Amino acid sequence: GLPVVVTGISSGIGAATAALLISQGYQLIGVDRTEPSDFPGAFIHADLSSPQGIADVVSRVQELAPAGLRGLANIAGVPGTAPLATVLYVNVFAVRELARQLAPLLVEGASVVNLASSVATGWRIMAAECRGFALAQDQQDAIQQAADSPQIADNSYLFSKQCVRLLTEQLAAEFVAQRIRVNSVSPGPVQTPILEDFKKDHGQDKVNSAAQLLGRFAVPEDIAEVIGYLLSEQPGWVNGSDIRVDGGLVAHRSSTVA
Ligand code: NAI
């Protein structure tokens with residue numbers, strides 16, 4: 001069958017998603033800045049932290065999948081400890097540009113899944129800033145403006161994932177006529193290498209308290225399962241949505257249960 005493009009396949013949630021999809025018989029085109037240890041699909045070695053890197057991925061995918069694609073999973077992401085421009089290119093502009101530039105290859109019924117985060121649950125609080133940034137035509141100028149805004153620069157990861165939520169709705173709207181679905185998944189803390197950076201960025205106690213409440217952190221497979229479901233044809237009427245996959249963390253934090 002036609003392949004699915006999956007970014008971030010060399011670690012964590014992306015690696016677990018790739019393994020799941022391969023076990024289900026999908027053909028994959030994997031993208032990462034790090035070589036995967038063992039990947040039975042076409043691999044594109046690329047860095048999504050610049051417009052050139054993103055453009056390279058698009059042209060490689062065009063070469064590798066001339067007959068089209070059945071899906072795109074934007075899983076690559078970086079924590080807020082990375083430089084602001086890196087966070088905003090990888091987490092936001094790569095998601096937008098891969099979806100828009102690969103849309104001509106996506107066939108009717110195809111599915112796009114983006115990785116947001118449970119931290120972006122209250123995303124409408126920065127809706128105007130997110131809209132301005134996420135839809136900006138001049139990416140470099142938008143990043144400069146973000147750097148000048150303490151509210152954004154000090155919360156780069158949160159901001160980037162709020163932008164993913166907004167972009168997911170935006171892209172779903174853009175692709176409705178093409179019958180391509182676009183949804184996001186919002187995990188709580190998952191046991192992957194990025195978690196150590198989250199502890200530095202958001203505070204060790206806050207991150208650890210989630211595992212104390214829930215009994216464990218999520219494992220990558222918990223999230224891959226939902227990404228795989230959204231990529232499949234089964235949830236054919238789920239579009240422009242976000243699915244929280246956090247074991248009940250956000251529900252608990254916003255509830256009155258002590
Ligand atoms: P990870 O660090 O294990 O994997 C991220 C992958 O993305 C790595 O293989 C890395 O090489 C790749 N990547 C990073 N920057 C790249 C670039 N510039 N170009 C190409 N590839 C690049 O992290 P994890 O946990 O698997 O994260 C996957 C996604 O899930 C990210 O978008 C993350 O923000 C999101 N997420 C993770 C949570 C967690 O607690 N682990 C919670 C909520 C969301």
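Since every read-out is calculated from the coordinates, none of them should be taken as a lab result. Small disclaimer: the values here were computed from a predicted structure and weren't measured. Cβ: placed from backbone, ideal geometry, glycine included. Neighbour counts: every protein chain shown.
Taking only the C-alpha atoms, wrap a convex hull around the chain and report its volume per residue in Å³ as a whole number. If you can, show how the numbers build up before the last one.
Details: hull volume 32.0 nm³, N = 258.
So the per-residue hull volume is 124 Å³.
Just to verify a number: FRET efficiency for residue 233 and residue 63, C-beta to C-beta distance, R0 = 30 Å, to 0.05?
Working: r = 26 Å, r/R0 = 0.88.
With R0 = 30 Å, the Cβ-Cβ based efficiency is 0.70.
Report, in cubic angstrom per residue, the convex hull volume of the C-alpha atoms of segment 160-223.
102 Å³
For the chain, what is the mean residue ellipticity at 222 nm derived from helices alone (per DSSP H run of n ≥ 4: -39500 (n - 2.57); sum divided by total residues; nearest 500 deg cm²/dmol)?
-13500 deg cm²/dmol
For segment 209-258, run through the GluC sites (Glu not before Pro) and keep only the ones in DSSP coil with at most 12 other Cβ atoms within 10 Å of their Cβ.
Answer by residue number: 233.
I need the P(r) histogram for segment 1-139: all alpha carbon pairs, bin width 10 Å from 0 out to the longest distance, whole percents.
Histogramming segment 1-139 at 10 Å steps yields 12, 43, 34, 11, 0 percent.
Restricting things to alpha carbons, tell me how big segment 149-258 is in terms of Rg and Dmax, in Å.
15.8, 47
How many percent of all Cα-Cα pairs in segment 125-198 sit more than 19 Å apart?
Working: 1240 of 2701 pairs.
For segment 125-198, the share of Cα pairs beyond 19 Å comes to 46 percent.
Determine the relative contact order of segment 59-136: mean sequence separation of Cα pairs under 8 Å and six or more apart, normalised by residue count, in whole percent. Mind dumping the intermediate values first?
On the way: 49 pairs, mean separation 31.4, N = 78.
Computed value for segment 59-136: 40 percent relative contact order.
Classify segment 20-92 as rounded, prolate or oblate, taking a ≥ b ≥ c as the square roots of the eigenvalues of its Cα gyration tensor: rounded when a/c is under 1.5, otherwise prolate if a/b is larger than b/c and oblate if not.
Judged from the Cα gyration tensor, segment 20-92 comes out prolate (a/c at least 1.5, a/b above b/c).
Distance in nm between label sites at residue 137 and residue 206, each 7 Å beyond Cα in the beta-carbon direction?
3.7 nm
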